[in-house]
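Since the structure comes first, as structure tokens, the remarks are kept for the end.
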Amino acid sequence: MDAIKCILRNAFMLALFLTGGCSMGITPEKAMIEKMLAGEDVVVKNQSFDADIDLTQELVFHPSTPGVMKAVVESNLIFEEINFNKFITFSEKDSLLYRVEFRGDVVFNQCAFREHVDFSHATFDRAFFLVNSSFMTDFVMNNTLLKGRNVSFSHVRFYKNASFINTIFSHNAQFFGAEFLGNALFQRTSFKGQTLWSNARFEGYTEFGNSYFGQKVNFGEAQFLERTNFAGMTCMLDANFSDAQFLEPADFSKTDFRGESMLENAVFPKAE
């Protein structure tokens, strides 16, 4: 968490602070978009965004690859204690895929999302922190590339389904203390750095089928309340499940543990 504290401190010292209202006739949402289009840092604290945020309707897109339109955001985006409705960075229309590349740091700290969130097909080049926040409806981050060395979803609560299918984490990722109250979908997800899931809680169906862990992975003291699928998962180094609790069956068929698999004090359901 030292990295996120440093980012927040620097952001609040150097960037325009959007608090306490905006100029006459300019909503917080519009002020944010204007700064993004100008390449200026966006720092917002303690506000409620009443309008939906759909970057595919607001940013400037250019052809990227066949069938793909891409917008680039150079700004650092720092949000703390914000209430959001929808937050969308991806759409498909007229047979074209619209996606966004974020070249600055992106931080959501102590935020609440009331409606649908979709970060699919996005690229995050630097730090991505989505911490101490809650999602009241589905969260989608499929086919996304997180390239930054600092990525964290620690202490996030997903009240509905959370989907990270086919997403790539290029470096270390933390999900410490995250709570998944709906389904947690990580099939074919690639974690190339160390991954921390300690004290995470999975209350719905959990899917890690055919996922890849390139470095050490730690599920120590995690709780899995419903069925869990690890079938076809590959762990290149140590996989720690010590003190994890599985209240329903977990499928480890065709898993490839190339390091040590630690199951000390792990609890599994008794065979009927």
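Per the listing Gly232, Gly204, the residue uniquely at pLDDT 95 or above, part of a loop (DSSP other than H, G, I, E, B) and within 21 Å of the chain's Cα centre (by Cα) is Gly204.
Thr167 meets all of the listed conditions (1) open to solvent by less than 10 Å² (accessible area, probe 1.4 Å); (2) over 21 Å from Ala127 (Cα atoms); (3) under 19 Å from the mean Cα position of the chain (by Cα) but one, namely (2). For region 205-225, filtered to residues that are hydrophobic (A, V, I, L, M, F, W, C) and under 21 Å from Phe268 (Cα atoms), the residue that is most open to solvent (accessible area, probe 1.4 Å) is Leu225.
Look at region 172-187: where a residue is under 19 Å from Gln110 (Cβ atoms) and aliphatic (A, V, I, L, M) and a partner is open to solvent by less than 40 Å² (accessible area, probe 1.4 Å) and assigned to a loop (DSSP other than H, G, I, E, B), sitting 6+ places away or on another chain with Cβ atoms under 8 Å, you get Ala178/Phe153; Ala178/Ser154; Ala178/Val156; Ala178/Trp197; Ala178/Ala200; Leu181/Gly204.
Within region 232-271, which residues are open to solvent by 40 Å² or more (accessible area, probe 1.4 Å) and either touching a Cys at 6+ places or on another chain (Cβ under 9 Å) or among the aromatic types (Phe, Trp, Tyr) (or both)? Passing the criteria: Phe252, Asp256, Phe257, Arg258, Ser261, Phe268.
Could you tell me which of the residues Arg103, Arg114, Arg126 is surrounded by fewer than 18 Cβ atoms within 10 Å (Cβ to Cβ), at pLDDT 95 or above and within 26 Å of Gly204 (Cβ to Cβ)?
Values: Arg103 fails: within 26 Å of Gly204 (Cβ to Cβ); Arg126 fails: within 26 Å of Gly204 (Cβ to Cβ).
Checking each option against the conditions leaves just Arg114.
Filtering region 141-164 to residues that are open to solvent by less than 60 Å² (accessible area, probe 1.4 Å), closer than 14 Å to Ala200 by Cβ and assigned to a loop (DSSP other than H, G, I, E, B) leaves Phe153, Ser154, Val156, Phe164.
Could you grab me the full set of residues in region 131-140 that are in contact (Cβ under 8 Å) with a residue 40 or more places away in the chain and open to solvent by less than 10 Å² (accessible area, probe 1.4 Å)? Working first, answer last.
First, the residues of region 131-140 that are in contact (Cβ under 8 Å) with a residue 40 or more places away in the chain: 131, 138.
Listed by number, the list holds a single entry, Val131.
Number of residues in region 34-55 that are surrounded by 18 or more Cβ atoms within 10 Å (Cβ to Cβ) and in a helix (DSSP H, G or I): the value is 3.
The values are calculated or read from the model by the stated rules, or taken from the named source; none is laboratory data. Note that this is a predicted model, so its numbers are computed, not measured. Note that each Cβ is placed from the backbone with ideal geometry, even for glycine, and that neighbours are counted across all protein chains shown. The area values use the complete protein model at the heavy-atom level, side chains included, leaving out ligands, DNA and RNA. Shrake-Rupley method; radii C 1.70, N 1.55, O 1.52, S 1.80 Å.
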